[in-house]
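This report refers to the structure that appears directly beneath it.
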Amino acid sequence: MAYLWTVIDFLFSVYQFMVIAYVLMSWVPQMRDTAIGQLLERLVEPYLAPFRRFIPTLGFIDISPIVALIALSLAKDGLRALILMVI
């Protein structure tokens, strides 16, 4: 079971870094036109879209990625608790 949690934790961490990279790419608009930028957009934007729909921007600051990262962290902790209950 420890191996399963290690893999799940790794996948959550990779996805968190993908979200952070995608958000940082918004500072350099040409980055989103690259192959990596388009790949990140296809993988991350479906996750961020519901948060952007419900959380308004504060001036020029979009806080929805912060809320999305917090939700992802809570989902990881919840999944860990479920796995520990099964063991």
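The values are calculated or read from the model by the stated rules, or taken from the named source; none is laboratory data. Only a predicted model underlies this, so the values are computations on that prediction, with no experimental measurement involved. We place every Cβ from the backbone using ideal geometry, glycine too, and count neighbours over all the protein chains shown. When the accessible area is computed, the model is the full protein with side chains, heavy atoms only, and any ligands, DNA or RNA have been set aside. Shrake-Rupley method; radii C 1.70, N 1.55, O 1.52, S 1.80 Å.
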Hey, could you check the stretch 1-18 for residues that are in a helix (DSSP H, G or I) and touching a residue at least 24 places away in the same chain (Cβ under 8 Å) and say which is surrounded by the fewest Cβ atoms within 10 Å (Cβ to Cβ)?
Leu4
Condition check: surrounded by 10 or more Cβ atoms within 10 Å (Cβ to Cβ), at pLDDT below 90, out of contact with any Gly (no Cβ under 7 Å at 6 or more places or on another chain) and not charged (D, E, K, R). Does Thr34 satisfy that?
no
Please verify whether the stretch 19-29 includes one or more residues that are in a helix (DSSP H, G or I), open to solvent by 80 Å² or more (accessible area, probe 1.4 Å) and either among the acidic types (Asp, Glu) or under 30 Å from Met85 (Cβ atoms) (or both).
no
Return the pairs, sorted by first residue and then second, in which the second residue is open to solvent by 100 Å² or more (accessible area, probe 1.4 Å), the first residue lies in the stretch 67-87 and is in contact (Cβ under 8 Å) with a residue 60 or more places away in the chain, the beta carbons are less than 7 Å apart, and the residues are 6+ apart or on different chains.
Ile83/Met1; Ile87/Met1
Tally of residues being of a type in the set (A, V, I, L, M, F, W, C) and open to solvent by 70 Å² or more (accessible area, probe 1.4 Å) across the stretch 37-55:
3
Some residue of the stretch 56-69 being modelled with pLDDT of 95 or more, among the small types (Gly, Ala, Ser), assigned to a helix (DSSP H, G or I) and surrounded by 13 or more Cβ atoms within 10 Å (Cβ to Cβ):
yes
